[in-house]
Amino acid sequence: MAKIKKGDLVVVISGRDKGLQGRVLEVLVESQRVVVEGVQRVQKHVKAGQTARGTRTGGIETVEAPIHISNVMLVDPETKKGTRVGYRTEQVERDGRTRTVRVRVAKRSGKDI
């Protein structure tokens, strides 16, 4: 189970984009990769063609490529630096029933994510 989810703010900890921050756009669970906004940008050659809404112009597009999940780290909401992720269990009362939920916690500051 990945500790990083869609919409999380992450920082790249290794590779050519080391130090860059961005939001997770997509998590590819089976290949253990994430697509991060503004990170691992590659140029893709696109052929002009037909789409459902009309013609698509061809040319060179810049798109984000997936990066391995081990090369990114969640950003701590308090210190704005990379942090490891832990879990804490809480008892929550909903509809008159008590449920146990897991809450993600930043290990650097102890704040909920």
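The values are calculated or read from the model by the stated rules, or taken from the named source; none is laboratory data. Please read these numbers as outputs of a predicted model, since none were measured by experiment. We place every Cβ from the backbone using ideal geometry, glycine too, and count neighbours over all the protein chains shown. For the accessible areas, the whole protein counts, side chains as well, though only heavy atoms, and no ligand, DNA or RNA atoms are used. Shrake-Rupley method; radii C 1.70, N 1.55, O 1.52, S 1.80 Å.
Per-structure values
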| item | result |
| --- | --- |
| Test: residue in the range 31-39 that is in contact with a Leu (Cβ under 7 Å, 6 or more places away or on another chain), of a type in the set (Gly, Ala, Ser) and over 19 Å from Arg104 (Cα atoms) | yes |
| Number of the condition not met by Gly19 [criteria: (1) open to solvent by 70 Å² or more (accessible area, probe 1.4 Å); (2) assigned to a loop (DSSP other than H, G, I, E, B)] | (1) |
| Selected residue (criterion: farthest from the chain's Cα centre (by Cα)) from residues of the range 7-19 that are at pLDDT 95 or above and within 13 Å of Glu64 (Cβ to Cβ) | Val12 |
| Some residue of the range 62-77 being among the charged types (D, E, K, R), outside any loop (DSSP other than H, G, I, E, B) and loosely packed, with under 12 Cβ neighbours inside 10 Å | no |
| Residues satisfying the stated conditions in the range 78-113, i.e. open to solvent by less than 50 Å² (accessible area, probe 1.4 Å), assigned to a strand (DSSP E or B) and free of Cβ contacts under 8 Å to residues at least 40 places away in the same chain | Thr83, Gly86, Val92, Val101, Val103, Val105, Ala106 |
| Residues (closer than 30 Å to Ile113 by Cα, open to solvent by 100 Å² or more (accessible area, probe 1.4 Å) and assigned to a strand (DSSP E or B)) located in the range 23-58 | Arg23, Arg41 |
| Scope the range 1-16; condition surrounded by 13 or more Cβ atoms within 10 Å (Cβ to Cβ) and under 25 Å from Ile60 (Cα atoms); matching residues | Gly15 |
